[in-house]
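The values are calculated or read from the model by the stated rules, or taken from the named source; none is laboratory data. Keep in mind it's a predicted model, so treat the numbers as computed, not measured. Cβ placement follows ideal geometry from the backbone for every residue including glycine, while neighbour counts extend to all protein chains displayed.
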Amino acid sequence: MRDRSNTLEHFTEGKFMSRYRFTKETVVQLLGCLLFKENTNNRGHPLPPPLQLLVALRFCAAGTFQVVSEDLVNVSQPTVRHVVNRVSELIAAHVFRSTVKFPATADELRLLSHREVSGANGVR
């Protein structure tokens, strides 16, 4: 059985990137931005915050609970569902607003429309 406590070290950078769609460094930075609440009920085998984040990222990358449940040893499908929900709420509350910026002015909206039409999405 694979030790699920050190998933970051388990994969090479390339395999990690293809599996989670993020670099290990980005996952560590994201983990520092999220405020996980400590599990105080000690029911079952609570997942540590790094594994919770990886479960959610793997679900987002794969799009299915079954793939995540199969990938991560001893993580049930209901646990995956709860973790994905919890981590998604944390990302929405603590990361989304500070990193995603929508056009605030008519000029910004026009510029965005121009980029989409011209195919120059990376041009500022």
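Considering only segment 73-91, state which residues are of a type in the set (A, V, I, L, M) and either part of a helix (DSSP H, G or I) or under 20 Å from residue 36 (Cα atoms) (or both).
Listed by number, the residues that qualify are 75, 80, 83, 84, 87, 90, 91.
Within segment 59-72, track down each residue that is assigned to a helix (DSSP H, G or I) and either in contact with a Ser or Thr (Cβ under 9 Å, 6 or more places away or on another chain) or without any contact (Cβ under 8 Å) to a residue 40 or more places away in the chain (or both).
59, 60, 61, 62, 65, 66, 67, 68, 69, 70
Within segment 74-113, take every residue that is among the charged types (D, E, K, R) and loosely packed, with under 14 Cβ neighbours inside 10 Å and give me the one that is nearest to residue 49 (Cα to Cα).
Applying the filter and picking the extreme gives 89.
Determine whether segment 10-21 contains at least one residue that is of a type in the set (Val, Ile, Thr), loosely packed, with under 12 Cβ neighbours inside 10 Å and at pLDDT below 85.
no
From 46, 50, which residue is of a type outside the set (Phe, Trp, Tyr), modelled with pLDDT of 90 or more and surrounded by 12 or more Cβ atoms within 10 Å (Cβ to Cβ)?
Of the residues listed, the single one that is of a type outside the set (Phe, Trp, Tyr), modelled with pLDDT of 90 or more and surrounded by 12 or more Cβ atoms within 10 Å (Cβ to Cβ) is 50.
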